[in-house]
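The values are calculated or read from the model by the stated rules, or taken from the named source; none is laboratory data. Since we're looking at a predicted model, the values are computed, not measured. Cβ coordinates were reconstructed from backbone atoms using ideal geometry, including for glycine residues, and neighbour counts include every protein chain displayed.
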Ligand SMILES: Nc1nc2c(ncn2[C@@H]2O[C@H](COP(=O)(O)OP(=O)(O)OP(=O)(O)O)[C@@H](O)[C@H]2O)c(=O)[nH]1
Ligand SMILES: [Mg+2]
């Protein structure tokens, strides 16, 4: 892919959509280029608030995000959306459905992009931090991330998001036990969506009982628009207060990303080592039972740590 970094950066600041897309692709596909690009923009990032919206498949996350972003835009904000596609099982139809629905947004100036979730650690893409940086550099704020929640993912999103919204709905047939398991400490706002459907009020009350007074629980419907105003207002309030507080919890987020990068560096080293002649000779010795696998692993580890 041909590009000129200086030009790309100017275009990014002008919110040129093609350049945003190109930068994100570069970042997703090449670690080295990603580093080069991010080094240039690093000082002008970390300025936007990140809203994570998570919850089971089909809860209405995209529908909610659709409305929320248009409302936030009316309030003078400049939102961008990152939808994390689960690479695994989910039907392509659902994702495609998202795209079609969310396409309405692109005409409004809201930037929207689907990114693939990669890596073994869950649904948060490895490159997400850098993609966020690109959007921050292009002056989008807030950045709304949609991800399908499955326990681990929700915890991960709390390492990225400043505000976490967990969406439930009465439609998935999840019983309260499953829902309890999904309610970790992460949520700032819990939303029971599809309030136009049977069972939503009951679910809302159960969640409220379970969570207590400390957290916000809201009942919404994207169909009837009930509760949407309250959700937007709550988000707006949180955005305003978090703006002042953002720096306070940034160390833990930096630590999380740092851990990710260091682990990745180490993994690369391990992969290289496993291709080396040194390891090959260990493999032979293990096979011939001249050395046991733990001893060999310790020896290789010690060599790598030097
Ligand atoms: N009855 C009702 N249906 C809704 C509501 N909100 C969303 N839906 C429907 O629920 C389905 C899933 O909505 P999405 O917004 O795609 O849900 P999602 O959580 O983004 O789904 P995934 O991204 O596939 O996990 C769609 O058919 C929506 O039309 C609601 O408030 N009431
Ligand atoms: Mg969706």
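Considering 225, 230, which residue is within 16 Å of ligand 1 (Cβ to nearest atom) and exposed (fewer than 13 other Cβ atoms within 10 Å of the Cβ)? Reasoning before the result, please.
Details: 230 fails: exposed (fewer than 13 other Cβ atoms within 10 Å of the Cβ).
On inspection, the qualifying residue turns out to be 225.
Of all residues being in contact with a helix residue (DSSP H, G or I) (Cβ under 8 Å, 6 or more places away or on another chain) and without any contact (Cβ under 8 Å) to a residue 60 or more places away in the chain in segment 38-71, which is farthest from residue 142 (Cα to Cα)? Just the residue, please.
So the first thing to find is which residues in segment 38-71 are in contact with a helix residue (DSSP H, G or I) (Cβ under 8 Å, 6 or more places away or on another chain), and the list is 38, 40-42, 44-58, 62-71.
When the remaining residues are screened for being without any contact (Cβ under 8 Å) to a residue 60 or more places away in the chain, the result is 40, 70.
On the way: 40: 22, 70: 12 Å.
Taking the candidates together, the pick is 40.
Going by the structure shown, is residue 201 in the same structural domain as residue 142 (by TED's automatic domain parsing) and buried (at least 17 other Cβ atoms within 10 Å of the Cβ)? Can you show your working first?
Working: in the same structural domain as residue 142 (by TED's automatic domain parsing): yes; buried (at least 17 other Cβ atoms within 10 Å of the Cβ): no.
Taking the combined requirement at face value, the residue does not satisfy it.
Could we say that residue 286 is touching a helix residue (DSSP H, G or I) at 6+ places or on another chain (Cβ under 7 Å) and free of Cβ contacts under 8 Å to residues at least 40 places away in the same chain here?
Values: touching a helix residue (DSSP H, G or I) at 6+ places or on another chain (Cβ under 7 Å): yes; free of Cβ contacts under 8 Å to residues at least 40 places away in the same chain: yes.
Considered against the rule, which asks whether it is touching a helix residue (DSSP H, G or I) at 6+ places or on another chain (Cβ under 7 Å) and free of Cβ contacts under 8 Å to residues at least 40 places away in the same chain, residue 286 comes out as yes.
Confirm whether residue 25 is surrounded by fewer than 21 Cβ atoms within 10 Å (Cβ to Cβ), part of a helix (DSSP H, G or I) and on the phi < 0 side of the Ramachandran plot. First the steps, then the outcome.
Details: surrounded by fewer than 21 Cβ atoms within 10 Å (Cβ to Cβ): yes; part of a helix (DSSP H, G or I): yes; on the phi < 0 side of the Ramachandran plot: yes.
For residue 25, the condition - surrounded by fewer than 21 Cβ atoms within 10 Å (Cβ to Cβ), part of a helix (DSSP H, G or I) and on the phi < 0 side of the Ramachandran plot - is met.
Say whether the condition of being in contact (Cβ under 8 Å) with a residue 60 or more places away in the chain and over 15 Å from residue 49 (Cα atoms) is met by at least one residue in segment 207-215. I'd like the intermediate steps shown before the answer.
Applying the first criterion (in contact (Cβ under 8 Å) with a residue 60 or more places away in the chain) to segment 207-215 yields none.
So far as segment 207-215 goes, no, none of its residues is in contact (Cβ under 8 Å) with a residue 60 or more places away in the chain and over 15 Å from residue 49 (Cα atoms).
Rundown of residues vs (1) at pLDDT 60 or above; (2) closer than 21 Å to residue 192 by Cα, yes/no style:
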position: 58; (1), (2): yes, yes
position: 61; (1), (2): yes, yes
position: 71; (1), (2): yes, yes
position: 76; (1), (2): yes, no
position: 83; (1), (2): yes, yes
position: 88; (1), (2): no, no
position: 93; (1), (2): no, no
position: 114; (1), (2): yes, no
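Residues of segment 57-78 being near ligand 2 (Cβ under 9 Å from one of its atoms) and either surrounded by fewer than 19 Cβ atoms within 10 Å (Cβ to Cβ) or not assigned by TED's automatic domain parsing to the domain that holds residue 237 (or both), which ones?
Answer for segment 57-78, where residues must be near ligand 2 (Cβ under 9 Å from one of its atoms) and either surrounded by fewer than 19 Cβ atoms within 10 Å (Cβ to Cβ) or not assigned by TED's automatic domain parsing to the domain that holds residue 237 (or both): 57, 58.
One line per residue, one yes/no per condition, for (1) within 13 Å of ligand 1 (Cβ to nearest atom); (2) within 25 Å of residue 222 (Cβ to Cβ); (3) more than 19 Å from the chain's Cα centre (by Cα):
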| residue | (1), (2), (3) |
| --- | --- |
| 32 | no, no, yes |
| 35 | no, no, yes |
| 38 | no, no, no |
| 43 | no, no, yes |
| 46 | no, no, no |
| 54 | yes, yes, no |
| 62 | yes, yes, no |
| 68 | yes, yes, no |
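Only residues that are surrounded by 24 or more Cβ atoms within 10 Å (Cβ to Cβ) and over 18 Å from residue 27 (Cβ atoms): list them for segment 132-146, please.
Within segment 132-146, 142, 144, 146 meet the criteria.
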